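Inspection log for the structure reproduced underneath, given as structure tokens.
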Amino acid sequence: SPALPPRAARSAAGGAKCWGHNTNGQLGDNSTNRRIAAVDVAGLAGGASMIAAGGHHTCVLTTAGGVKCWGNNGSGQLGDGSTAQRLTAVDVLGLSSGVSAIATGAFHTCALVASGGLKCWGRNLEGQLGDGSTTQRLTAIDVSGLSSGVSAIATGNTNTCALTASGGVKCW
């Protein structure tokens, strides 16, 4: 049967907990063991304000406004400049602060920055990064035409949508 994405939650203490399938380390507990009960994400005992689980990777928005990700990275969806799988959280390059929301797709990730702009990274075969290309990106890049004015983001398997401050929706 196909693997289900990991399940994730923010603990009352501000830490991150995950459970489920873990073939690619997407639970962040420094293992690839499937977990039927929630386990702590290594190194994130506190300081998590938002968590998003993608297909085989997971990301957290820290209370400092930074982004950390772990799990499958074959398409660069962890944003650390590599395609190496990570069993624990790594920093997304260039996004250590100033982020207000995150969203994870199957093989890509996006972040809404405080200025209202949007940045994405990872797989881009279907143009889901919004930079006008189909080139895979290992680090965060700006979404074309959305350097400001975005109030929310959502990702699907191979698409991304943004809610603009004026109430419009743009998708790619």
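The values are calculated or read from the model by the stated rules, or taken from the named source; none is laboratory data. Small disclaimer: the values here were computed from a predicted structure and weren't measured. As a convention, Cβ positions derive from the backbone with ideal geometry for all residues, glycine included, and neighbour counts pool all protein chains shown. These area figures cover heavy atoms from the full protein model, side chains too; ligands, DNA and RNA do not enter into them. Shrake-Rupley method; radii C 1.70, N 1.55, O 1.52, S 1.80 Å.
Of the candidates 37, 52, the single residue that is small (Gly, Ala, Ser), in a strand (DSSP E or B) and open to solvent by less than 30 Å² (accessible area, probe 1.4 Å) is 52. Any residue in segment 122-137 that is assigned to a strand (DSSP E or B) and either of a type in the set (S, T, N, Q) or within 12 Å of the chain's Cα centre (by Cα) (or both)? Yes; the residues of segment 122-137 include at least one that is assigned to a strand (DSSP E or B) and either of a type in the set (S, T, N, Q) or within 12 Å of the chain's Cα centre (by Cα) (or both). Scanning segment 97-106 for residues that are touching a strand residue (DSSP E or B) at 6+ places or on another chain (Cβ under 8 Å), open to solvent by 10 Å² or more (accessible area, probe 1.4 Å) and either outside any strand (DSSP E or B) or farther than 17 Å from residue 151 by Cα (or both) yields a total of 1. Here residue 116 meets the list (1) free of Cβ contacts under 8 Å to residues at least 12 places away in the same chain; (2) touching a Ser or Thr at 6+ places or on another chain (Cβ under 6 Å) almost entirely, failing just condition (1).
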